[in-house]
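Asks: I'd like to ask some things about the structure below.
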Amino acid sequence: QVQLVESGGDLAQAGGSLRLSCVASGSSFSISTMGWYRQPPGKQRELVARITRGGATNYADSVKGRFAISRDNAKNTVYLQMNSLKPEDTAVYSCAADGQRGTYWGQGTQVTVSS
């Protein structure tokens, strides 16, 4: 089993920045790709960014150039640096990790961007 705990969600103004963190525990040695997803109010969950164990990344078009995903394998932690925030970035952000037995999810952290 893998447990994921996110932190860093907050209220921010448009144009501001936030940094999300997600710490993995349990069978974290089995984790390969980690990622951030978000679910805006009234909408489906969508991919924000993913990063492999080796550091390869991919991003949703809507966040390219504004968000940056990174990970510290020694700390079993993945980060999401969010810059130039927009009101449409408002969502619950969840961390996900691909392990040997499937994908694990965190509880999520709320990000609200005011205009």
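The values are calculated or read from the model by the stated rules, or taken from the named source; none is laboratory data. The shown structure was predicted, so the numbers you read here are calculated from the model rather than taken from an experiment. Because the Cβ atoms are built from the backbone with ideal geometry, glycine has one as well, and the counts that use them run over all protein chains shown. Ligands, DNA and RNA are excluded from the accessible area calculation, which covers all protein heavy atoms including side chains. Shrake-Rupley method; radii C 1.70, N 1.55, O 1.52, S 1.80 Å.
Asks: What number of residues within the stretch 88-111 are open to solvent by less than 50 Å² (accessible area, probe 1.4 Å) and part of a strand (DSSP E or B)?
Replies: Residues that pass the stated criteria total 12.
Asks: What are the residues in the stretch 1-56 that are over 14 Å from residue 94 (Cβ atoms), at pLDDT below 95 and hydrophobic (A, V, I, L, M, F, W, C), if any?
Replies: Answer for the stretch 1-56, where residues must be over 14 Å from residue 94 (Cβ atoms), at pLDDT below 95 and hydrophobic (A, V, I, L, M, F, W, C): 29, 31.
Asks: For the subset of the stretch 32-61 comprising residues that are of a type in the set (A, V, I, L, M, F, W, C) and surrounded by 14 or more Cβ atoms within 10 Å (Cβ to Cβ), which member is nearest to residue 6 (Cα to Cα)?
Replies: The extreme case among them is 36.
For (1) more than 18 Å from residue 113 (Cα to Cα); (2) open to solvent by 50 Å² or more (accessible area, probe 1.4 Å), each residue gets a yes or a no:
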site	(1), (2)
13	no, yes
27	yes, no
30	yes, no
63	no, no
78	yes, no
81	no, yes
86	no, yes
